[in-house]
1. Which one of these is within 27 Å of the chain's Cα centre (by Cα) and more than 19 Å from LYS279 (Cβ to Cβ): VAL139, VAL188, VAL115, VAL131?
2. Would you point out the residue of segment 185-223, among those that are among the aliphatic types (A, V, I, L, M) and open to solvent by 60 Å² or more (accessible area, probe 1.4 Å), that is farthest from ASP266 (Cα to Cα)?
3. If you go through segment 49-61 one residue at a time, do you hit one that is within 26 Å of the chain's Cα centre (by Cα) and not charged (D, E, K, R)?
4. When only residues in segment 172-183 that are touching a residue at least 12 places away in the same chain (Cβ under 8 Å) and of a type in the set (Gly, Ala, Ser) count, which is least open to solvent (accessible area, probe 1.4 Å)?
5. Six or more apart or on different chains, Cβ atoms under 8 Å: show the pairs whose first residue is in segment 78-95 and within 15 Å of GLU118 (Cβ to Cβ) and whose second is open to solvent by 70 Å² or more (accessible area, probe 1.4 Å).
6. Suppose we keep only residues that are modelled with pLDDT under 80 and of a type in the set (Lys, Arg) within segment 253-287. Which one would you say is least open to solvent (accessible area, probe 1.4 Å)?
7. Any residue at all in segment 232-251 that is of a type in the set (Lys, Arg) and either under 25 Å from the mean Cα position of the chain (by Cα) or under 30 Å from MET80 (Cα atoms) (or both)?
8. Taking the criterion of being over 23 Å from VAL142 (Cβ atoms), open to solvent by 80 Å² or more (accessible area, probe 1.4 Å) and in contact with a Lys or Arg (Cβ under 7 Å, 6 or more places away or on another chain), would at least one residue in segment 237-250 satisfy it?
Amino acid sequence: MNTNFNLVKKPKKEDEEIDEEEDIELDEDDDSSKKSSNSSDMKRRMLLIMGVIVAGTIILLLVLYIASLFMNHEYSYDDMEEVMKEAAISYFQDYPEYLPKNNGDIVQVDVANLVAAEKMKDLSTYRSDEVACTGNVQVENVDGEYLYIPYLNCGDAYNTISFGEKILADNPTTTSGDGLYSNGGSSVFRGESIHNYVKLDNSLWRIVKVNSDKSVVLIHATGLEYYKPWDDRYNEEKLYESGINTYNVSRMKDYLQKIYAKPDKDEGEDILSDSDKGKITSYDLCA
């Protein structure tokens, strides 16, 4: 007996069509979710890589810094003088009773004492050329300010010289034209075009002369911004306010002492810093 079956394709129902559309939408949502997840993973990886780079850089810099502490740094002679000066300042901060008490007094501390006090290393460790050096730091009381002057002696290689000695070394004396002239044991600059400028902090000065003891006389290069009278008090001899022509009792002396001790910045009187004052000493001038 033969039985025939006819396969009839059923039409899709509306519900089945809706299910397919939902499947498509779900697939699209899955793709979007995957993309968002991939993007988040990428950001996390980038942040991790950046963190590793930053951490590695910090570690490298730290290693280089630590290594530099153990490496021998080649110091110039000027650097060594600065080391001695800073060591002496630290030393006298610990032992202020050893500082010079009176104006003009000078005390000296040797490098050996600074090394023993652990304020600096032995001079032989600052250079690799095996030049034998000795040194000391002189401290002078200058009107209550302390002037620290390091003196380094490395034989023929280097020797500290004073400012006055440096001027004389750079400016041979002459007998004509512009330049430095010998004058009774002192050396004086003369002429219209001479290079005798020196800067102290922010103030510009000119070198007048180098005395026989190698001290240096300076004059302010620009002067004050206004004029002051020499003296304007009553003169008993002339019977009017013509002033007194004696420096020790003049208004000018009072004014110069005032701008040294209590300058008025607004009036342009602040021409000497505390550092400058530490480099200046009293000087008997015949006026």
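1. After ruling out the rest, the residue left standing is VAL115.
2. ILE219
3. Yes, there is a match, as at least one residue in segment 49-61 is within 26 Å of the chain's Cα centre (by Cα) and not charged (D, E, K, R).
4. By that ranking, first place goes to GLY179.
5. TYR91/ASN113; PHE92/TYR98; PHE92/TYR146
6. LYS277
7. No, the conditions are met nowhere in segment 232-251.
8. Yes, some residue in segment 237-250 is over 23 Å from VAL142 (Cβ atoms), open to solvent by 80 Å² or more (accessible area, probe 1.4 Å) and in contact with a Lys or Arg (Cβ under 7 Å, 6 or more places away or on another chain).
The values are calculated or read from the model by the stated rules, or taken from the named source; none is laboratory data. If you're wondering where the values come from, they're calculated on a predicted model, not measured in any experiment. Cβ coordinates were reconstructed from backbone atoms using ideal geometry, including for glycine residues, and neighbour counts include every protein chain displayed. Please note that ligands, DNA and RNA were not included when accessible areas were found on the heavy atoms of the full protein model with its side chains. Shrake-Rupley method; radii C 1.70, N 1.55, O 1.52, S 1.80 Å.
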